[in-house]
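Quick notes on the structure that follows.
The values are calculated or read from the model by the stated rules, or taken from the named source; none is laboratory data. If you're wondering where the values come from, they're calculated on a predicted model, not measured in any experiment. Cβ placement follows ideal geometry from the backbone for every residue including glycine, while neighbour counts extend to all protein chains displayed. Side chains are part of the model used for accessible areas, which takes the heavy atoms of the whole protein and leaves out ligands, DNA and RNA. Shrake-Rupley method; radii C 1.70, N 1.55, O 1.52, S 1.80 Å.
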Amino acid sequence: MPKTTAHQLASPQANVFALLSRYRTYSIFLILFTILANGLGLLVPRVIAAGIDTFSLTQTVPNSLIWEASAIIAGIFVFSFAQNVLQTFASERVARDLRNELAAKISRQDNSTIEKLTPAVLLTNLTSDIDAIKTFIAQAVAGIVSSLLLIIGSSILLLITDWKLALVVLLIIPIIGIAFRVIFSRVQTLFIKGQEVIDWLNKVINESILGSGLIRILDSQNQENNKFAQANQAATETGMKILGYFSSLIPIITFTGSLAVLAIVVLGGNFVINGEMTLGSFTAFNSYVSILIFPIIMIGFMSNVIARSAASYGRIQAVLQTPDPIEAGTLSADHLQGKIEAKNVSLLLGPKTILKDASFTIKAGTRTALIGPTAAGKTQLLSLLVGLIPPTSGSITFDGKKISEYDRTSLFRRVGMVFQESVVFNMTIRENINFSQDISDEALQKAIQTAELSSFIESLPKGLETVISERGTSLSGGQKQRLMLARALALNPQVLFLDDFTARVDLKTERKILKNVQQNYPDITLISVTQKIASVQDYDQILLLMEGEIIAKGTHQQLLQDSPEYIQMYESQKSTSQYEVSTE
Amino acid sequence: MSRKRVPVNMKYQLSNTTSSSDSVLGAVRSFWPLLRHQRAQLVGALVAVVLGSLANLLGPLVIGYTVDQFIETRNFGGVLQAGGVLLVIYIAAAIASYFQTSLMGAVGQRLLFTLRSEIFVKLQSLPLAFFQQNKVGDLISRINNDTDKLNQFFSQGLVQFMSNMFLMVGAAIFLLILNPRLGVAALLPAVVLFFLTQFLSAWIKQANAKSLRAVGGMSAEVSESLENFKLITVFNRRDYFRDRFSEVNEANYQSAISAGIANNTLIPIYGLASNIAQCVVLFYGLMLILQGNLSIGLLVSYVSYVNRFYDPIRQVASIWSTFQVALAGWDRIAEILGLHSDMEVTSTSAKTVAKKTELLRFDHVSFAYDQGKDVLHDISFTLQAGKTYAFVGPTGGGKTTIASLMSRLFDPTKGRVLLEGQDIRSISSQTRTQKIGFILQEPFLFSGTIGENILYGNKEFGQLSPKELEKVLADFGLADLLKRFPHGLDVTVGSKGQSLSLGQQQLIAFIRAVLRKPRLLILDEATANIDTMTEQLLDEILAKLSKETTKVIIAHRFNTIENADEIFFVNAGQVKKAGSLKHAMELLLKEKRGS
């Protein structure tokens, strides 16, 4: 009965019990040790009874009996120890493997999928959800096996002793089964909701930490506290509701069990009085029922664990069943020249048009600037060119071949990208720059020197081995930006994308860096999103993007003749350029 | 006091070592305030436990009585009466059981609520330095995972613990009264258990502390990788995530195994003790019988009574581990709760006489992060009300640090910062933040709509409807900026500002700061990713701000600072007046970068 209940409860999402079949050896031994430890436990009263019987006849206790008792006691100890150790190993193994499986799944996804699933939820999946499954393996498996064993055993004994009374007593099993089902169907959704509230809590905490600076500047701690209190309140309410169900389930189960005892006393008493049953059978019945009731209560407690783990397993399965992105590309980019062509590229995000019908060609080894006002779609265009997101329509080719035809790994080895926002990891500077891990020392040094990081690194007591704090809080904006550039350059890329790289680097350093890039990476195809016309005047091509459309393309001189928008933009920066010119 | 060395206590790094020296009692004592307001519920649960246990003990007695008095005398009416009594007892037991679970579970849930709140509120009270020294994932783990360990003990363990203790003590007394000598023999293994448990507890707690730490580490790794997933994909390092994760996962696995084994050792040992006790009683009892001090019948029942004592003890074995896990979790929680901000508002110091026009002054300020070398060294300057100041200089020169000191994100290591002549440390955070607006270099958005982000933390306009907000924006001359949000202000954004460009995020930060009408507005490269034409718009808006508003602009792009009344050049921890923009340019091009 309990087994079918478990199946029914798990069926809506995922069956946690199916997990066990993947760990057959563990499961078999775990069940075996549980049976042995519990079975041997049943022998103890018999040995004691035998001891007393022999003693009352002979006034002595035979040595053999002492040995037998010691062996049984030692056996129980060994098997229950083995069972406990094994369930620790089994549960942790399952948890570890599931985590790795999830991590592998996550690692195959596109960035957009990760953002859709949201890091907060994935964190809950990897921690709290897997914990619930771990508890299931550690507690529920052995608990259910031993309970089933006792229920079946005592049921058989009851049936043998007096089948009529036994049938009445065993009526409690379907009653308890129904109680389980009713409560489970309600509690299951609550457990899922409970995990979703944990996602919510994670998100609030996460944001309050990432935004800690802003919160302190705005003195908005109270607002954050209120946000958290809301999520926390919801967590407590869900917890209380779950508690409400279980605090009624447990008394229902024990009370139903007690009714069986009552039935024995009244009905059995009647049978004895009528002479249909001996007093001995009556007494035996009573003790068998007490064996029957304990495991039923046990299953009541375990049901909590099972319901929670089933909810969590469902959430994990949902992530594991996310389809992998199709990456059919096989083309090697090892000999990439760096010619890039966009044909009628459009991008829609939901109902919003981000890019409209963009077409242009970037020759290998040339420098192209992408300029335009805020929210024109520059960063999105860059993401398309790098292949981070696919265009809604149109095509983007590298050396005449579509991005999708390339093997991703091979392509990303030849394409460097510096994002607008700085991303640094809590690792050493060397590891941060050598993020691709297969970079020669020479390439590393060249990248550092090009990014004008040498003197900064030299100024640090531990140099390249200095560990950067999480989110790079120990670095200035410009230092992080240069680190990002060094990381991209260390790949020795054929194509380099810079997204507003110069925004955080001072003029002098910027000049030096751009000169260094030209010197050290002469054949590179450079695509640079920027605000400053002054720094890209001598570029081979300038693309002017406005409201998702490329409204002008050409060299600086050409645009000054053809494009009123470009001229307007140029004029707006002229006052600045004057200083720049003066320093040439 | 101005020159006195103020020790910077930025040691907010949460420890990575175990502090298991504290006694159980100490932990419970430090913990009690969190439970105090739930005294009534605790007492209620205790009463339910006692009543439930009594009902459970009473049942068998009634049955025994029924057998002797009614069944053997073939009195069915009596049997029915006894059945009625039993029914009452069972109903009472069920009610008691309901209250046990619900009261104690509620205590656990409310405790969980209180703990989470306390930690979160504590986090909010700590300065920025704390967040720079600790990892997001580990903090999340402390707030969610560690508190849940305490909840588990309280909602599940404590009731069972209490009811088992009750049964155990009752059984022990019964055993001793029934036959003192046998009683001592029966309880002897329990005494051994008691000392063994004492001895093993430290180890169990330590193993669990290590495991909880590993969970925190794993959580930190997951957070960092997932937040930066875009970079991971572009740099072909999906394996990086897998490898780093599998490393922390493995570490977590190892420590969890140690903790699991530690948690499970007591159970078989308690079982063993229980079986040994039965045998001891049996053989000692037989010896007593030989001496004529005991009857066989009594021995038979005595052996079964021994179980009444050891069954609850075996339950306690697993609860005790839950308790140790909870203690280990509490240590990690208490560590946060025990932290104190070293940036409290000091009592108002005597107001230095300041000229009416003076807004902010740096008085021989030095600053160093942690114990490192000075980022700023002995800096003094004054900002006059209503003027515009530019701070320029190479990257890593200390500009952002100056801005952070102005807005008291940090306190100076030496010297002081004066706002309107008053030490900034003695000004309440509310007043300070009202007067000082700081647009951070890296904009941050909360998940919510653009409109909500604009009004975030704004007490005056916080409750505005989108329509009203648009009107207010127009009043502030900000309406033109809305064109940069072609899809309106109701668009939802994620915490990393997905689907908004960095320039748009900077605009939101700008609007947010302007709407607060600060006396001092600091822009730290706040428009770096905004195109020059929009930037001109911002300049116009800034120019139209109240005459009282002092502006501090940190930039290396010079078009943003053309209109500055004064330019400061910041390099290698020093600040000097640059005079003209041209001079600043020269300095920037000629001076060697400090870093």
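Between A:Lys401 and A:Glu442, what is 0.36 nm times their sequence separation minus the Cα-Cα distance? Round to one decimal in nm.
Values: separation 41, 0.36 × 41 = 14.76 nm, distance 3.13 nm.
Value of the extension gain: 11.6 nm.
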| field | Separation of alpha-carbon centers, segment B:38-85 and segment B:133-185, rounded to whole Å | value | 26 Å
| remark: Result for chain B: accessible area per residue, probe 1.4 angstrom, in square angstrom, of 40 Å²
| query | Accessible area drop of at least 30 Å² (1.4 Å probe, protein heavy atoms): which residues of segment A:497-535 qualify, relative to the chain alone? | reply | A:Ala503, A:Arg504, A:Asp506, A:Leu507, A:Lys508, A:Gln531, A:Lys532
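Order of B:570-580, A:405-415 by packing, highest average Cβ count within 10 Å first?
A:405-415, B:570-580
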| Taking the Cβ-Cβ separation of B:His583 and B:Ala543 as r and a Förster radius of 25 Å, what is the calculated FRET efficiency to the nearest 0.05? | 0.60
| said: Quick check: the distance between the Cα centres of segment A:196-219 and segment A:432-456, to the nearest angstrom? | reply: 35 Å
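Output needed for segment B:24-337: three equivalent-ellipsoid semi-axes, defined as square roots of 5 times the C-alpha gyration tensor eigenvalues, in descending order, whole Å. List each step's numbers first, then the result.
On the way: eigenvalues 485, 120, 60 Å².
Result for segment B:24-337: semi-axes of 49, 24, 17 Å.
Give the average, rounded to an integer, of partner chain Cβ atoms located within 10 angstrom of each Cβ in B:259-268.
Working: counts 2, 10, 6, 1, 3, 9, 3, 1, 4, 11.
That average works out to 5.
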| field | Overall dimensions of chain A by Cα: Rg and Dmax, Å | value | 35.7, 122
| Histogram of C-alpha separations across chain B, 10 Å bin width, % | 3, 12, 17, 18, 15, 11, 8, 7, 5, 3, 1, 0
| said: Limiting things to C-alpha atoms, what are the Rg and the maximum Cα-Cα separation (Dmax) for segment A:460-516, in angstroms? | reply: 12.4, 34
| query | How do the peptides B:32-43, B:52-63 rank, highest first, by the average count of neighbouring beta carbon atoms within 10 Å per residue? | reply | B:52-63, B:32-43
| remark: One finds the C-alpha centres of segment B:392-424 and segment B:438-473 to be spaced, in Å, by 26 Å
| request: Give, ordered by residue number, each residue of segment B:46-77 whose 1.4 Å probe accessible area is reduced by a minimum of 40 Å² on adding the remaining protein chains to the chain alone. | output: B:Ile63, B:Ile71, B:Arg74, B:Phe76
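Strictly over 29 Å apart at the Cα level, which of B:Lys483/B:Lys547; B:Lys414/B:Lys576; A:Lys480/B:Lys547 would you flag in this model?
Numbers: B:Lys483/B:Lys547 27 Å; B:Lys414/B:Lys576 19 Å; A:Lys480/B:Lys547 36 Å.
A:Lys480/B:Lys547, as the Cα separations exceed 29 Å there.
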| Per-selection Rg to Rh, segment B:396-540 - Cα, Kirkwood hydrodynamic radius | 0.98
| field | Extent along principal axes [Cα atoms of segment A:94-320; Å; largest to smallest] | value | 87, 38, 21
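Please find the FRET efficiency linking A:Ile291 to B:Phe174, where r is the Cβ-Cβ separation and R0 is fixed at 22 Å, and quote it to the nearest 0.05.
After rounding, the FRET efficiency stands at 0.50.
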| query | If packing is taken as the mean number of other Cβ atoms within 10 Å per residue, what is the order of B:133-140, B:294-301, highest first? | reply | B:133-140, B:294-301
| remark: Relative to the compact-globule estimate 2.2 N^0.38 Å (N residues), the Cα gyration radius of segment B:13-157 stands at a ratio of 1.66
| request: Treating cross-link reach as a plain straight distance, find the aspartates and glutamates whose alpha-carbon is under 12 Å from the alpha-carbon of B:Lys577, omitting any fewer than eight places away in the same chain. | output: B:Asp565, B:Glu566
| Taking segment B:24-337, how many lysine pairs are there with alpha carbons less than 25 Å apart, if each pair must be eight or more places apart or span two chains? | 9
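Can you send over the carbon and sulfur percentage of the accessible area for segment A:443-584, probe radius 1.4 Å, protein chains only? Could you put the intermediate results ahead of the total?
On the way: 2540 of 5350 Å².
Here carbon and sulfur together make up 47 percent of the probe-accessible area.
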| request: Could you state the accessible area per residue of chain A in Å², with a 1.4 Å probe and every protein chain left in place? | output: 39 Å²
| query | Direction-averaged shadow area of the convex hull around the Cα atoms of segment B:265-347, nm²? | reply | 9.3 nm²
| query | For A:Ile28 and A:Ile160 in one chain, what is 0.36 nm times their gap in residues minus the Cα-Cα distance, to one decimal in nm? | reply | 44.6 nm
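What does the structure give for A:200-206 when I average, per residue, the other chain Cβ atoms found within 10 Å of the residue Cβ? Spell out each step's value before the answer.
Details: counts 0, 5, 8, 5, 5, 12, 8.
For peptide A:200-206, the averaged partner shielding equals 6.
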| Considering only protein heavy atoms and a 1.4 Å probe, what is the carbon-and-sulfur percentage of the accessible area of segment A:94-320? | 66 percent
| said: Taking the Cα of B:His364, stepping 7 Å toward and past its beta carbon, and measuring to each backbone N in segment B:404-422: which are under 16 Å? | reply: B:412-418
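Apply the membrane-span-like helix rule to chain A: whole DSSP H runs, Cα extent along the own long axis of at least 27 Å, mean Kyte-Doolittle hydropathy at least -0.5. List the helices found. Could you put the intermediate results ahead of the total?
Numbers: long enough: A:24-58 (49 Å, 1.34); A:63-108 (66 Å, 0.36); A:141-161 (30 Å, 2.42); A:172-210 (55 Å, 0.94); A:221-263 (62 Å, 0.15); A:279-320 (60 Å, 1.17).
Going by DSSP H runs, the hits are A:24-58, A:63-108, A:141-161, A:172-210, A:221-263, A:279-320.
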| field | Helix-only CD estimate at 222 nm, as mean residue ellipticity for chain A, using -39500 (n - 2.57) per DSSP H run (n ≥ 4) | value | -21000 deg cm²/dmol
| query | Using protein heavy atoms only (no ligands, DNA or RNA), what is the total accessible area buried between A and B, 1.4 Å probe, nearest 100 Å²? | reply | 14600 Å²
| Rounded to a whole number of µm²/s, how large is the Stokes-Einstein D of the protein assembly as shown at 37 °C and 0.692 mPa s, given Rh as the Kirkwood radius over C-alpha pairs? | 96 µm²/s
| query | Peptide B:142-149: average number of partner chain Cβ atoms within 10 Å per residue? | reply | 3
